[in-house]
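One structure is given here, and the rest of the page talks about it.
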Amino acid sequence: ARPADRGTLASQLWPDALDARAASSLRSAIARLGDGGREIVGSAPGGLMLNDAVAVDLRTARGTAARLLEPRQEEPDDADISPAAVALFSADLLPDWFDAWLEPAAEEWRHLRVNALEAQSQALLTRSRLHEAASAARRAIDVDPLRETAQRCLIAVHVAAGNRSDALRAYEIYRTRLEREVGLEPTEMLTDLVSALRPRVSARRGG
């Protein structure tokens, strides 16, 4: 984790105060924390940061994502694909904040969470936990509705469950939205996944 700049923190916490006054208020607030506060917030080169012992959802999610996305042979641990682990990736980063400094971090988090949700969906599908796999896939789609790999995760779950109509419906919804919003078609890989599900009309020979 990177230290938070003291000036940025002060201006966020006391937006109506002058810079010097905001900085003074921040110093006073830190001093009032006392010894207990130093176990939570520590000084670092460049600013302030939470101590490693403090549990933070974002830090936990980053660790989970690192394990999920690390190339390896073995399957993920159950804890990393549990409902609680899936829920870690379900929220935007500080959704009510609109400051420019937050944009790069929010975009990085968006990219990380959609990749993690896809990995969770695939791992759950492998273990035949189809309902949970579909839930993780839908959360990935919520993050980025036009992302084909997220759509593929959901369609793969429908196919595995034998729900051909659901798979075709999900594909058509995605195809229509993709064409309407960006003028593109799904890739051949996704199209091939559903093409075998479409009913085929057999030609009858005349007798």
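The values are calculated or read from the model by the stated rules, or taken from the named source; none is laboratory data. As the structure is a computational prediction, the values presented were derived from the model and not from experiment. Cβ coordinates were reconstructed from backbone atoms using ideal geometry, including for glycine residues, and neighbour counts include every protein chain displayed.
Tell me which residues, restricted to region 57-81, are surrounded by 12 or more Cβ atoms within 10 Å (Cβ to Cβ), of a type outside the set (S, T, N, Q) and closer than 19 Å to residue 125 by Cβ.
Once the filter is applied, which keeps residues that are surrounded by 12 or more Cβ atoms within 10 Å (Cβ to Cβ), of a type outside the set (S, T, N, Q) and closer than 19 Å to residue 125 by Cβ, region 57-81 yields 65, 67, 68, 69, 76, 77, 80, 81.
Can you report the number of residues in region 66-95 which are assigned to a helix (DSSP H, G or I) and under 17 Å from residue 132 (Cα atoms)?
Residues flagged as assigned to a helix (DSSP H, G or I) and under 17 Å from residue 132 (Cα atoms) within region 66-95 amount to 11.
Is it the case that some residue within region 98-114 is at pLDDT 90 or above, farther than 21 Å from residue 141 by Cβ and charged (D, E, K, R)?
Among the residues of region 98-114, not one is at pLDDT 90 or above, farther than 21 Å from residue 141 by Cβ and charged (D, E, K, R), which makes the answer no.
Taking region 129-174 as the search range and keeping residues that are in contact with a His (Cβ under 7 Å, 6 or more places away or on another chain) and of a type in the set (A, V, I, L, M, F, W, C), which one is nearest to residue 195 (Cα to Cα)?
Looking at the filtered set, the residue picked out is 167.
Tell me which residues, restricted to region 92-145, are among the polar types (S, T, N, Q) and surrounded by fewer than 17 Cβ atoms within 10 Å (Cβ to Cβ).
126, 128
Which condition number does residue 28 fail, the rest of (1) at pLDDT 85 or above; (2) assigned to a strand (DSSP E or B) being met?
Only one criterion in (1) at pLDDT 85 or above; (2) assigned to a strand (DSSP E or B) is unmet by residue 28, namely (2).
Check region 122-131 and report whether any residue there is closer than 16 Å to residue 152 by Cβ and either polar (S, T, N, Q) or outside the structural domain of residue 167 (by TED's automatic domain parsing) (or both).
Within region 122-131 (the criterion being closer than 16 Å to residue 152 by Cβ and either polar (S, T, N, Q) or outside the structural domain of residue 167 (by TED's automatic domain parsing) (or both)), the answer is yes, since at least one residue qualifies.
Please work out which one of (1) surrounded by 13 or more Cβ atoms within 10 Å (Cβ to Cβ); (2) touching a Leu at 6+ places or on another chain (Cβ under 7 Å); (3) within 24 Å of residue 63 (Cα to Cα) is the condition residue 50 fails and give its number.
Failing condition for residue 50: (2).
Those residues that are polar (S, T, N, Q) and either closer than 19 Å to residue 71 by Cβ or in contact with a His (Cβ under 6 Å, 6 or more places away or on another chain) (or both), I need them from region 84-128; list them, please.
115, 120, 121, 122, 126
Could you please tell me which pairs satisfy a Cβ distance under 7 Å, a separation of 6+ or placement on different chains, a first residue in region 139-150 that is touching a residue at least 24 places away in the same chain (Cβ under 8 Å), and a second residue that is crowded, with 16+ Cβ neighbours inside 10 Å and of a type in the set (Lys, Arg)?
Partner pairs satisfying both residue conditions: 143/113.
Can you give me the number of residues within region 157-181 that are buried (at least 16 other Cβ atoms within 10 Å of the Cβ) and in a helix (DSSP H, G or I)?
Summing the residues that are buried (at least 16 other Cβ atoms within 10 Å of the Cβ) and in a helix (DSSP H, G or I) in region 157-181 gives 12.
Of (1) touching a helix residue (DSSP H, G or I) at 6+ places or on another chain (Cβ under 8 Å); (2) not in a helix (DSSP H, G or I); (3) not aromatic (Phe, Trp, Tyr), residue 117 satisfies all except one. Which?
Of (1) touching a helix residue (DSSP H, G or I) at 6+ places or on another chain (Cβ under 8 Å); (2) not in a helix (DSSP H, G or I); (3) not aromatic (Phe, Trp, Tyr), only one is false for residue 117: (2).
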